[in-house]
């Protein structure tokens, strides 16, 4: 980023190549809509390009990048909520892909029934995450799926590490409450 800021145009191409997959995946996890991913991924890099002259490395580049992604996703979620109510069971888009596929399956079972149960549980987890308030949703995704520390999440969200800890605690409590009917003791 510093090379690009200082006038090396080819550095921008390298920056996009290194980070577009990460940005793409993060937007998909936030929004669950492949239709919006490409547009928002391009918008992230357009914003980076437009603001390059003002870039100051106060934190890690990835933190600054995630902040841009988070802001764009917050805006998209707000527009979506104003525009229409999503059906919980209908997270499919026109390509037939669904958000729940982005939730990793940590349990490996050889029983086909267990695999079906795992897929169904991942679907319920994805729906539950999608229902969280915006800050909780982004905190969970960054912390659990992007393996970001409390401090990194705090910088992205512009809050303290203690506030992130509180957000994650509330998110887990909300997820537990929502998922309780689907998890067997």
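Just so you know, all these numbers are worked out from the coordinates, no wet-lab data involved. Quantities reported herein were computed from a predicted structural model and do not represent experimental measurements. Methodologically, a virtual Cβ is constructed for each residue, glycine included, from the backbone with ideal geometry; neighbour enumeration extends over all protein chains shown.
Of the peptides 129-135, 55-61, the ranking by mean beta-carbon count within 10 Å, highest at the top, reads 129-135, 55-61.
Across the stretch 120-185, the volume of the C-alpha convex hull divided among the residues equals 81 Å³ per residue.
Built from the Cα atoms of the stretch 1-88, the convex hull projects on average onto 6.1 nm², one quarter of its surface area. At 0.36 nm per residue, and after removing the present C-alpha to C-alpha distance, how many nm does the segment from residue 18 to residue 78 gain when stretched out fully? Full-extension gain reported as 18.7 nm.
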